[in-house]
Amino acid sequence: MKIAVLASPESWYVRDLARAAAARHEIVQAPFDQISSCTEFSASQAKYETHVSAGAIDLSSFDAVLVRTMPPGSLEQVVFRMDALAALEQAGVLVLNPPKAIEAAVDKFLTTARLAAGGLPTPRTLVCQTVDAAMEAFESFGRDVIVKPIFGGEGRGITRVSDDAIAWRVFSTIIRLRAVIYLQEFVSHSGYDLRVLLIGDEPFAMRRESASDYRTNISRGAIGKPHKLTDEELELARRSASLIGAPLAGVDLLRDASGKLYVIEVNGVPGWQATSRVLGIDIAATVLAYVETLGGKR
């Protein structure tokens, strides 16, 4: 199969997929921020066609396109990138994750709303556009909250706020930046969470522990350990990914001090470098095997 990977030129994931592919597949790195689209009449096909490219790479000619990054951009740029991926999908190219799943996962409000609509346990959350509304929620949530950018991942931009004056400054700054305030009650826990990587229906789980930071991202120094999922944990992870529509998903689960389980986040562009290392499993090979089962371009 001919597989394009939307990623930076330095991406570890491109190298890992190329290693796992060996001679069975052609892996080509493509720049997400250079996507363009051309619609024109094809005389040979006697119809109008839309071709999507990334720089000089014609993505429409590939069997599959794997999304491995979501670079920052303006609203117009982000919307166009998603529309271009949708055009590829409509033309029969296998896109993973599907554009609709990426749109849902990258938007924390939409993710939270879908999880709640599906009856899954999530921390109390407020998304608003005024300082007054945010301060009211701050009080209601016990004056200890997590403030997150509505778009973002890997723990970037997440702040814990438990002081009135600092809360006012944080909320005011967000509004001055013409951004949206997204805050959740802080869930007291025992210094660890669970990351469940789902590839199709196959789960890979690790426990991420951090003694010094409430954020348990491996990239921030947390220690990863293999974890055997309980039936409840596996069910929550699978239902979360299904509600977002992501066949490749990273689901973060957290137990509070009483043992209650929460879904914290669903990542639609999940990394596997730490999971592969901690579990001693070739995740890239598993991803490619899953792509093979889907059959590529249709």
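Throughout, read-outs are computed from the coordinates displayed, never taken from laboratory work. It should be emphasised that the depicted structure is a prediction, and the values quoted were computed from it without experimental measurement. Ideal geometry is used to build each Cβ from the backbone, glycine not excepted, and the neighbour counts take in all protein chains shown.
Annotations for the structure displayed:
- If you bin all the Cα-Cα distances of the chain at 5 Å, starting from zero, the percentages per bin are 1, 5, 11, 15, 17, 16, 13, 10, 6, 4, 2, 1, 0, 0.
- Here the chain is treated with +1 on each Lys and Arg Cβ and -1 on each Asp and Glu Cβ, and its dipole about the Cα centre works out to around 360 debye.
- Convex hull volume of the Cα atoms of segment 48-166, normalised per residue: 149 Å³.
- The residue among 162, 175, 141 whose Cα reaches farthest toward the positive pole of the charge dipole of segment 141-203, with charges on the beta-carbon of Lys, Arg, Asp and Glu, is 175.
- About the centre of its Cα atoms, segment 125-185 shows a dipole size close to 340 debye [charges on the beta carbon of Lys, Arg (+1) and Asp, Glu (-1) only; nearest 20 debye].
- Residue 43-residue 289 FRET efficiency (beta carbon distance; Förster radius 45 Å; 0.05 resolution): 0.70
- Distribution of pairwise C-alpha distances over segment 125-185, 10 Å bins, in %: 25, 63, 12
- FRET efficiency, residue 36 to residue 15 (Cβ-Cβ, R0 45 Å, nearest 0.05): 0.95
- For segment 167-206, the residues whose backbone nitrogen is under 17 Å from a point 7 Å from the Cα of residue 136, taken along Cα to Cβ, are 168, 171-172, 181-185.
- Segment 3-118, dipole about Cα centre (Lys/Arg Cβ +1, Asp/Glu Cβ -1), debye to the nearest 20: 380
- Centre-to-centre separation between the Cα atoms of segment 73-118 and those of segment 234-273: 17 Å.
- Grouping the Cα pair distances of segment 1-111 into 5 Å bins from zero gives a pair-distance distribution of 2, 12, 21, 24, 19, 12, 7, 3, 0, 0 percent in increasing distance order.
- Taking 19 Å as the straight-line reach from the Cα of residue 148, the lysines in range (excluding those fewer than 8 positions away in the same chain) are 108.
- Within segment 1-46, the proportion of C-alpha pairs whose separation exceeds 14 Å stands at 58%.
- Volume per residue that the Cα convex hull of segment 67-130 spans, once the total is divided by residue count, Å³: 121
- Each other residue within a Cβ distance under 13 Å of residue 114 adds +1 if Lys or Arg and -1 if Asp or Glu, for a net charge of 0.
- Listed peptides 5-11, 110-116 appear in the order 110-116, 5-11 once ranked by packing, highest mean of other Cβ atoms within 10 Å at the front.
- On the basis of the beta-carbon distance and an R0 of 41 Å, residue 26 and residue 110 show a calculated FRET efficiency of 0.75.
- Qualifying aspartates and glutamates (Cα of each under 16 Å from Cα of residue 260; at least 8 residues distant if same chain): 185, 193, 231, 232, 233, 235, 252
- Among 42-55, 185-198, the peptide with the highest mean count of other Cβ atoms within 10 Å heads the list, and the full ranking is 185-198, 42-55.
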